[in-house]
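Just below is one structure, and these are the notes that go with it.
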Amino acid sequence: MKSFVYYLCCFFIGCNTLFAQQSPVFQVVPLGVKGGVDESNLSAYLVAPIQSSKYVCLDAGTIHAGIEKSVANKVFNVPTSTVLQDYIKGYLISHAHLDHVSGLIINSPADSPKTIYATQECMAMMQNHYFNGETWANFGDEGPGFQIKRYHFKTLNLLEEIPISNTDMWVTPFPLSHVNPFRSTAFLIRKNEDYILYLGDTGPDAIEKSADLKNLWKVIAPLIKSKKLRAMFIEVSFPNHQADTALFGHLTPNWFYKELKVLQDLTGKKALTGFNTIITHLKLPVENMTAIKKQLQDQNDLGLNLIFPEQGEKLEF
């Protein structure tokens with residue numbers, strides 16, 4: 001009888017419970033969560049398999065301040081330098097805008113040898129404009145100036161899966177449009193048969209005159225239906241009053257839901273219920289960030305599990 005009641009409850013609670021009942025596969029430590037002007041809290045997320053200290057950093061806008069906050073929150077019980085030098089095994093850079101790479105650049109003199117992964121366009125920008133021996137020392141093994149060779153610059157081929165060195169994870173990069181024709185990148189990270197998806201900055205397909213998001217949705221829809229995609233990071237930078245002509249390659253809550261409904265058409269109506277959706281890159285001022293959160297929650301007729309990460313607070317999926 002108890003067994004019957006249990007399964008009856010599961011039936012009525014639905015997909016949200018199914019997502020919640022899964023044992024976590026990934027752990028995430030946000031080192032920075034905002035877009036815009038707060039240089040102490042810009043896009044950077046550590047991801048590792050659960051109970052592992054072998055992380056990859058998704059973008060690198062803020063590193064040191066985020067690690068210090070994580071240590072203060074007892075997410076890590078080792079010094080900041082140990083997390084930087086030993087725990088972070090590499091960096092996946094979605095695009096070369098400073099709010100996504102400044103932490104990497106500033107911390108490079110104190111860092112240890114590891115790999116930086118980026119698409120050819122992004123890698124060329126970092127080598128030509130940052131690690132070039134002029135604006136900053138070239139800590140890489142390619143590009144202009146004297147090569148210190150602390151970092152191995154690994155150029156990613158779009159849609160090609162490769163292993164992330166010194167971890168148990170793999171990554172596949174996908175193109176995004178961030179003020180067309182400027183490109184950003186989405187990273188689909190795999191551990192065995194489970195996945196987590198990170199999108200760098202992106203505008204909506206209709207504004208960008210692109211099919212990049214729809215093409216990405218086609219790939220991940222089967223993973224959502226099979227519950228293999230544990231979570232998705234996606235940006236919403238502005239509240240709904242931001243004019244389409246002033247999006248600068250970003251999303252509002254309205255555009256976010258328009259895109260997610262395209263995804264829902266591919267997954268089926270109920271598949272997104274309870275899906276872990278981590279909202280990134282909210283831009284100051286505070287009243288805008290507050291409005292973004294309220295608008296996302298008020299418009300959430302898809303039943304998404306909306307997550308607003310906080311710097312230095314660990315998440316598991």
Practice problem: Take the residues in region 144-164 that are hydrophobic (A, V, I, L, M, F, W, C) and more than 19 Å from TYR195 (Cβ to Cβ), then tell me which one is surrounded by the most Cβ atoms within 10 Å (Cβ to Cβ). | Solution: PHE153
Exercise. Scan region 222-244 residue by residue and report those that are in contact (Cβ under 8 Å) with a residue 24 or more places away in the chain, over 18 Å from the mean Cα position of the chain (by Cα) and either within 19 Å of LYS191 (Cα to Cα) or surrounded by 21 or more Cβ atoms within 10 Å (Cβ to Cβ) (or both).
Key: LYS225, LYS227, PRO239
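Conditions tested, residue by residue: (1) surrounded by 17 or more Cβ atoms within 10 Å (Cβ to Cβ); (2) within 20 Å of THR202 (Cα to Cα); (3) not small (Gly, Ala, Ser).
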residue	(1), (2), (3)
LYS261	no, yes, yes
GLY268	no, no, no
LEU272	yes, no, yes
ASN276	yes, yes, yes
HIS281	yes, yes, yes
LEU284	no, yes, yes
THR290	no, no, yes
ASP298	no, no, yes
LEU304	yes, yes, yes
Quiz prompt | Qualifying residue in region 266-284 (condition: in contact with a Phe, Trp or Tyr (Cβ under 9 Å, 6 or more places away or on another chain) and farther than 23 Å from VAL28 by Cβ) | solution = yes
Quiz item: Quick one: which of THR119, THR202, THR172 is farther than 28 Å from GLY36 by Cβ, at pLDDT 95 or above and among the hydroxyl-bearing types (Ser, Thr, Tyr)?
Solution: THR172
Quiz item: Just one of GLY274, GLY303, GLY312, GLY249 is assigned to a loop (DSSP other than H, G, I, E, B), out of contact with any strand residue (DSSP E or B) (no Cβ under 9 Å at 6 or more places or on another chain), in contact (Cβ under 8 Å) with a residue 40 or more places away in the chain and of a type in the set (Gly, Ala, Ser); which is it?
Solution: GLY303
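The values are calculated or read from the model by the stated rules, or taken from the named source; none is laboratory data. As the structure is a prediction and not an experimental result, all values here were calculated from the model. A quick note on method: Cβ atoms are made from the backbone with ideal geometry, for glycine too, and the neighbour counts reach across all protein chains shown.
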